[in-house]
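*Asks:* The structure is given below, and queries will be raised subsequently.
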């Protein structure tokens, strides 16, 4: 069973990949170069064809990057929701947030929170729109369960 620390969720950010951005900028420069070459000599259609090829490659890479940006934003939004839930649980249980660990980095309908301060486990049942939740204390057989913690110092 894998648990993620509160600090891990707070620090979890996936910045934009500068290599991909550099490739897109390079493609724009190449497209501009071939477009200028084609305009200078319209009888050489190879520059037009190369421009069209690079435009399609550039569009493809741009759409892939935009899709990844959208995925990153969704994950960050879910991480922020997880952090809010963990803050509320810490307040309710009068424990510190750094003592809490959760078994999922994204919101789902059945999650488990571990309070390392008093070694208790809580099951979080989310409703269908993931706005409300129910917390129940639970027991886990830790003897037969391997527990891995991600983000522990």
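*Asks:* I need every pair where a residue in segment 22-38 that is touching a residue at least 40 places away in the same chain (Cβ under 8 Å) has its Cβ under 7 Å from the Cβ of a residue that is in a helix (DSSP H, G or I) and surrounded by 12 or more Cβ atoms within 10 Å (Cβ to Cβ), sequence separation at least 6 or different chains.
*Replies:* So the pair list comes out as 24/58; 24/61; 24/62; 24/65.
*Asks:* Also, quick follow-up: Only residues in segment 45-69 that are at positive phi and in contact (Cβ under 8 Å) with a residue 12 or more places away in the chain count as the first member; pair them with residues that are assigned to a helix (DSSP H, G or I) and loosely packed, with under 12 Cβ neighbours inside 10 Å, Cβ under 8 angstrom, at least 6 apart or cross-chain, and list the lot.
*Replies:* Within 8 Å, no pair qualifies.
*Asks:* Of all residues in segment 95-104, count the ones that are surrounded by fewer than 19 Cβ atoms within 10 Å (Cβ to Cβ) and either within 10 Å of residue 115 (Cβ to Cβ) or without any contact (Cβ under 8 Å) to a residue 24 or more places away in the chain (or both).
*Replies:* 3
*Asks:* What single numbered condition from (1) under 20 Å from residue 150 (Cβ atoms); (2) in contact with a strand residue (DSSP E or B) (Cβ under 9 Å, 6 or more places away or on another chain) fails to hold for residue 93?
*Replies:* (1)
*Asks:* Right, another one. If I filter segment 73-94 for residues that are surrounded by fewer than 14 Cβ atoms within 10 Å (Cβ to Cβ) and in contact (Cβ under 8 Å) with a residue 24 or more places away in the chain, do I get at least one hit?
*Replies:* Yes, segment 73-94 contains at least one residue that is surrounded by fewer than 14 Cβ atoms within 10 Å (Cβ to Cβ) and in contact (Cβ under 8 Å) with a residue 24 or more places away in the chain.
*Asks:* Let me ask you something else. Name the single residue, out of those in segment 133-147 being over 23 Å from residue 10 (Cβ atoms) and assigned to a loop (DSSP other than H, G, I, E, B), that is modelled with the lowest pLDDT.
*Replies:* 142
*Asks:* Considering only segment 22-32, I want to know if a residue exists there that is out of contact with any helix residue (DSSP H, G or I) (no Cβ under 9 Å at 6 or more places or on another chain) and surrounded by 13 or more Cβ atoms within 10 Å (Cβ to Cβ).
*Replies:* For segment 22-32, residues out of contact with any helix residue (DSSP H, G or I) (no Cβ under 9 Å at 6 or more places or on another chain) and surrounded by 13 or more Cβ atoms within 10 Å (Cβ to Cβ): absent.
*Asks:* I would also like to ask the following. Restricting to segment 6-21, give me the number of residues that are under 20 Å from residue 71 (Cβ atoms) and assigned to a helix (DSSP H, G or I).
*Replies:* Number of matching residues: 8.
The values are calculated or read from the model by the stated rules, or taken from the named source; none is laboratory data. What you see is a predicted model, and the numbers here were worked out from it, not measured in a lab. Every residue, glycine among them, receives a Cβ derived from its backbone with ideal geometry; neighbour counts consider all protein chains shown.
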